[in-house]
Amino acid sequence: MINEVKEVVTGSVELARAMGVTLKYFFRTPVTNQFPDEPVAVYPRFRGRHVLKRYENGLERCIGCSLCAAACPTDCIYVGAAENTDEERYSPGERYAEIYEINMLRCIFCGYCAEACPTEAIVLEHDFALAEYDRWDAVYTKERLLEPHDPPHIAIRDDEVFVAKAGWGQK
Amino acid sequence: MDPVVITTTVVEIIKIFIIATALMLGFAAMTLIERKTVARFTLRYGPNRAGKYGLLQPVADMFKMFFKEEVIPGHVDRLVYLMAPGLSLVPAIVAFAVVPLASQPFAIPFTEQIFGQPVMVTPWVADVNVGLLYVLAIGSLGTYGVILGGWSSNNKYSLLGGLRTSAQMLSYELPMGIALLSIVLMAGSLRMNEIVSQQGSLWGLGWFIFVQPIAFLIFFISGLAEAGRSPFDLPETENELIGGFATEYGGMKFGLFFGAEYIHTVVLACITATLFLGGWNGPLAEQVPILGFFYFLAKVAVIIFIILWIRASITRVRFDKMMNFCWKFLLPLGLVNLAVTALVIAIISF
């Protein structure tokens, strides 16, 4: 009998504690990120969608050397180079990439292309919303890859501890 | 025919229609309120895409339910299979009939007379002199829908779910009835109006929740079990029984089962408010009936919030534990409570 009473009392206390915990969280603001409306904050070194960079004067950094395609473990990059002429100049050097395609369905976002690039033309930036309605649209062309690409749904995380302690991710 | 009889009948029918519609709307609102509230408890926003703050979510859900294909599996008992959702929904709505919404009959605003006769509208559908008995009787009728649904589906899981649910509902009828008996002893009547006006004294301290806290607890817990609410939502233990008795149901037929559960919850909250929280009682409720209606709604809202709070906090009870709890704890406790109440009343009136 004493045991039963004890069980009832402890059980009631535990139930009350459970209810207290949930009530405490009821008054907090939700942690949900409202994705398309609010930007998602990613870490500074997050590897997302590729971007082909330009120099400050607007010329493309890519010189069409195909080192990225050679470094790619999934063979998802295709570079077709062409000669620069004085009338039509795209990049500072002799050659430029006339065709630059990345198949995003094959890409594994390893970042080897960015490692291999001698001019730092290709960089994995922070966009991760890469869904397409058509499979063929997942093959990104040069026009889509070139700068500027600055979607509104991405923010870069301001992680002071992370940056200060490891010295990573200068903005 | 006497015009008074005709107008009264018409007014009554319109009133019943309004109340039934309000209950169906209450079901729609409950789905949204439940999802929103439980979402807040778990640090989410809940539905917020359909309309402002997701207010159109029930409409979207309703259209989804209506336009789903009506699949009737080949192996079911057709007639019973189609009847079961209705059998489960109707008692849930009908149980609301005896709940008094305000203190006294009122005239329809701006129309003092219809056909030269004053028409007073009563704020309840029926003032049955065995109202409490009616609530219990109709409450158990809902079990038919569940067990027939489970049986006619011709499926092991459905049958088990239906049997389990009906066993749960019938077991929890007993402690509920015994808890209500002590209320009957206190009020000296089975009439809902009488029970409510008995609680009007002492500025709210006359509410039966303060006079009979144990009876309230037993009634509320049994009510949760009977409405199939968490932590006693055994009917739909999806991890053990697929979908319980509703496994073979889809589209609007499932919608009706779903609606029955929610309306059962709303009606449970209404009856709890009536029996234990003083119904329409509150400051000035006797003089201004419309105020009483709002007091009633506020009390119902509080109880519904508590039901959702429990759902967000307490995990589902195992079936045998639940039955143990009913037969070995609630029932003896209710009997002791009843005996003590009877003794005290006998001593006082002696």
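The values are calculated or read from the model by the stated rules, or taken from the named source; none is laboratory data. Since this is a predicted model, take the numbers as computed values, not measurements. Every residue, glycine among them, receives a Cβ derived from its backbone with ideal geometry; neighbour counts consider all protein chains shown.
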Any chance you could count how many residues in the stretch B:303-321 are within 14 Å of chain A (Cβ to nearest Cβ) and either surrounded by 18 or more Cβ atoms within 10 Å (Cβ to Cβ) or without any contact (Cβ under 8 Å) to a residue 40 or more places away in the chain (or both)? 8
If we take the stretch B:197-301, then helices (runs of 4 or more DSSP H) inside it with 1 or more residues that are among the small types (Gly, Ala, Ser) are B:213-226, B:251-276
Residue tally, condition crowded, with 22+ Cβ neighbours inside 10 Å and at pLDDT 80 or above, over the stretch B:229-244: 1
Please enumerate the residues belonging to the stretch A:1-10 that are surrounded by 10 or more Cβ atoms within 10 Å (Cβ to Cβ) and at pLDDT below 90. A:4, A:7, A:8
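Counting just the residues of the stretch A:1-34 that are of a type in the set (Ser, Thr, Tyr) and within 37 Å of the chain's Cα centre (by Cα), which one comes out farthest from the other protein chains (Cβ to nearest Cβ)? Working first, answer last.
Filtering the stretch A:1-34 down to residues of a type in the set (Ser, Thr, Tyr) leaves A:10, A:12, A:22, A:25, A:29, A:32.
Then drop every residue that is not within 37 Å of the chain's Cα centre (by Cα), which leaves A:22, A:25, A:29, A:32.
Details: A:22: 4, A:25: 6, A:29: 8, A:32: 5 Å.
In this case the residue turns out to be A:29.
Before we move on, is residue A:75 out of contact with any Gly (no Cβ under 8 Å at 6 or more places or on another chain), in a loop (DSSP other than H, G, I, E, B) and either within 14 Å of chain B (Cβ to nearest Cβ) or closer than 30 Å to residue A:139 by Cβ (or both)? Quick ask: steps written out before the conclusion?
Values: out of contact with any Gly (no Cβ under 8 Å at 6 or more places or on another chain): yes; in a loop (DSSP other than H, G, I, E, B): yes; either within 14 Å of chain B (Cβ to nearest Cβ) or closer than 30 Å to residue A:139 by Cβ (or both): yes.
Here the answer is yes, as residue A:75 does meet what is asked.
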Does the stretch B:69-81 contain at least one residue that is of a type in the set (Val, Ile, Thr), within 14 Å of chain A (Cβ to nearest Cβ) and in contact with a Leu (Cβ under 9 Å, 6 or more places away or on another chain)? no
From (1) without any contact (Cβ under 8 Å) to a residue 12 or more places away in the chain; (2) part of a loop (DSSP other than H, G, I, E, B), pick out the condition that doesn't hold for residue B:124. (1)
Considering only the stretch B:17-50, state which residues are over 17 Å from the mean Cα position of the chain (by Cα) and farther than 25 Å from residue A:32 by Cα. B:17, B:18
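Out of the residues in the stretch B:36-76 that are charged (D, E, K, R) and surrounded by fewer than 18 Cβ atoms within 10 Å (Cβ to Cβ), which is nearest to residue B:314 (Cα to Cα)?
The qualifying residue nearest to residue B:314 (Cα to Cα) is B:44.
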Every residue in the stretch B:212-257 that is of a type in the set (A, V, I, L, M, F, W, C) and either without any contact (Cβ under 8 Å) to a residue 40 or more places away in the chain or more than 19 Å from residue B:310 (Cβ to Cβ) (or both), please. B:217, B:241, B:242, B:245, B:246, B:252, B:254, B:256, B:257
In the stretch A:35-53, residue nearest to the other protein chains (Cβ to nearest Cβ) [restricted to those that are aliphatic (A, V, I, L, M) and in contact with a helix residue (DSSP H, G or I) (Cβ under 8 Å, 6 or more places away or on another chain)]: A:51
Suppose we filter B:37, B:31 for residues that are under 30 Å from residue A:28 (Cα atoms), within 14 Å of another protein chain (Cβ to nearest Cβ), part of a helix (DSSP H, G or I) and touching a residue at least 12 places away in the same chain (Cβ under 8 Å); which single one remains? B:37
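Give, as residue ranges, the strands (runs of 3 or more DSSP E) completely inside the stretch A:94-158 that count at least 3 residues that are of a type in the set (D, E, K, R). Please lay out each step first, then the result.
Numbers: elements: A:95-103, A:122-124, A:154-156.
Filter on the stretch A:94-158 gives A:95-103.
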In this structure, is residue A:16 part of a helix (DSSP H, G or I), closer than 29 Å to residue A:100 by Cβ and aliphatic (A, V, I, L, M)? no
